[in-house]
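Before any comments, here is the structure.
The values are calculated or read from the model by the stated rules, or taken from the named source; none is laboratory data. The structure displayed is predicted, hence computed values, not measured ones. When we count neighbours, we look across all protein chains shown, and the Cβ atoms used for this are built from the backbone with ideal geometry, even at glycine. For accessibility, only protein heavy atoms count, side chains too; no ligands or nucleic acids. Shrake-Rupley method; radii C 1.70, N 1.55, O 1.52, S 1.80 Å.
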Amino acid sequence: METATERHLLDFSVLTDREVEVLLLLASGEQNRRLARHLGIAERTVRAHTANIVRKLRLKSRFEAAIVSHLYADDIKGLQVASRSAA
């Protein structure tokens, strides 16, 4: 079975800062409602960010995004720190 990383390289730099936040939280396995509450945004907005993440990273599902988030958490957090330093 081919994995997401074998199909293509994951380029987390295409994600917005908020999408990176949502991606990191997806690894927790929490429902969108709880993620929304944690971020102070609407559940519908979390769904939109999740859909954007799946599309931009060319993944198949929210579940795959959560796995990617878990496996690459350090890389994603590094990107988050770099974007804050640039600001």
Seminar exercise, completed: Ordering 54-65, 18-29 by per-residue average of other C-beta atoms within 10 angstrom, highest first, gives 18-29, 54-65
Exercise. Can you give the Rg and Dmax of the stretch 39-81 based on its C-alpha atoms, in angstrom?
Worked result: 11.1, 27
Seminar exercise, completed: Ordering 32-39, 73-80 by per-residue average of other C-beta atoms within 10 angstrom, highest first, gives 32-39, 73-80
Problem set entry | Accessible area in square angstrom per residue, the chain, 1.4 angstrom probe | 66
Exercise. How many percent of the accessible area of the chain is carbon or sulfur, using a 1.4 Å probe?
Worked result: 52
Exercise. Given that just one value was derived from the coordinates, which of [x] 3, 16, 31, 28, 16, 5, 1, 0, 0; [y] 3, 13, 22, 17, 12, 9, 7, 5, 4, 3, 2, 2, 1, 0; [z] 3, 15, 28, 25, 19, 8, 3, 0, 0 is P(r) over Cα pairs in 5 Å bins from 0, in percent?
Worked result: [z]
For this session: Compute the distance in nm between two label points, each set 7 Å from the Cα along the Cα-to-Cβ direction, one at His70 and one at Asp11.
Result: 2.8
